[in-house]
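Below is one structure; the comments refer to it alone.
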Amino acid sequence: EAGFMRLREPRLKLWNKYRISNIPSLIFLDATTGKVVCRNGLLVIRDDPEGLEFPWGPKPFREVIAGPLLRNNGQSLESSSLEGSHVGVYFSAHWCPPCRSLTRVLVESYRKIKEAGQSFEIIFVSADRSEESFKQYFSEMPWLAVPYTDEARRSRLNRLYGIQGIPTLIVLDPQGEVITRQGRVEVLNDEDCREFPWHPKPVLELSDSNATQLNEGPCLVLFVDSEDDGESEAAKQLIQPIAEKIIAKYKAKEEEAPLLFFVAGEDDMTDSLRDYTNLPEAAPLLTILDMSARAKYVMDAFVNDFLAEKLKPEPI
């Protein structure tokens, strides 16, 4: 068993490092820098079997999106019309129930953002199984779409953002840089769109809509007694400087931080999370949960020890 664990650990580190949630997955790296060149290697092999586009590095958004975009009334616009706007790139499909329910909310959000005078456009990138299904779904949408027949451009956008599941809403700034990959969570959490364009917060309050992020890699979660009104806010203030420092350190290396940061109050969802992970009832309780490795670290304040891999996990 010890030998098996030794074999497993490096493999789990790779799964966590690259946030793998689906298999098979093929990731291309730059051997000299170790940076990810392309997350969707399987699409690359399908789209470019001859390797004509090698080394498959990320291209700027404006280059990948270049070409005509449609409105559901049949009108066509050039992608250059997006310049100066924030853009939501919406990967979705009619056959997927969570997509349909997000679309209903997103239509309202889009309207509110436009009414507030913000420069914002959404581009639907369909994963529908037929053009008929695409047309039916797109008829409900007030924004733009990549033509269904332009499969190459749809695939290039999937590759550019390493899409592993739908619905996914990527929000870009007017320069085409990613503001957040968690547009779905942001739209559901901020119905009045007050926080638009949803720059990521270093510390999130754990909720039903963002709990799926617990599966994306190691997460620091501070559980608090939320019956005390100021407790949750005070807990956020406590973790925020640590979170900001770690995020900034990895951003300087152009890498994603290896930890997400949450404060969790008391509700049914956090109760079931505590039960599932066999955590003690104490509050406040500081933990690091690593769902993909089925490991937890329960402690006072040893975030840095975790990052230095000095802590021994307990099984979940």
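The criterion of being within 25 Å of LYS35 (Cβ to Cβ) and either small (Gly, Ala, Ser) or open to solvent by less than 70 Å² (accessible area, probe 1.4 Å) (or both) holds for SER155. Only one of the numbered conditions (1) under 26 Å from ARG274 (Cα atoms); (2) in the same structural domain as LEU286 (by the TED database) is not met by TYR250, and that is (1). Within segment 239-264, the residues that satisfy the criterion of being more than 24 Å from PRO313 (Cα to Cα) and either over 23 Å from the mean Cα position of the chain (by Cα) or outside any helix (DSSP H, G or I) (or both) are LYS253, GLU254, GLU255. Of all residues in segment 208-229, those satisfying the criterion of being open to solvent by 40 Å² or more (accessible area, probe 1.4 Å) and either modelled with pLDDT of 90 or more or not β-branched (Val, Ile, Thr) (or both) are ASP208, ASN215, GLU216, ASP225, SER226, GLU227, ASP228, ASP229. The combined condition, being in contact with a strand residue (DSSP E or B) (Cβ under 9 Å, 6 or more places away or on another chain), among the acidic types (Asp, Glu), more than 29 Å from PRO60 (Cα to Cα) and buried (at least 16 other Cβ atoms within 10 Å of the Cβ), is fulfilled by GLU205.
For VAL107, the test of being β-branched (Val, Ile, Thr), surrounded by 13 or more Cβ atoms within 10 Å (Cβ to Cβ) and in contact with a helix residue (DSSP H, G or I) (Cβ under 8 Å, 6 or more places away or on another chain) is failed. Of everything in segment 183-201 that is surrounded by 20 or more Cβ atoms within 10 Å (Cβ to Cβ) and of a type outside the set (A, V, I, L, M, F, W, C), the residue that is farthest from ALA248 (Cα to Cα) is ARG184. For segment 36-93, name all the residues that are assigned to a strand (DSSP E or B) and either modelled with pLDDT under 85 or open to solvent by less than 20 Å² (accessible area, probe 1.4 Å) (or both). Correct list: VAL36, VAL37, CYS38, LEU69, VAL87, GLY88, VAL89, TYR90, PHE91, SER92.
The values are calculated or read from the model by the stated rules, or taken from the named source; none is laboratory data. All values derive from a computational prediction rather than experimental measurement. Please note: Cβ atoms are built from the backbone with ideal geometry, for glycine as well, and neighbour counts cover all protein chains shown. Accessible surface areas use protein heavy atoms only, side chains included; no ligands, DNA or RNA. Shrake-Rupley method; radii C 1.70, N 1.55, O 1.52, S 1.80 Å.
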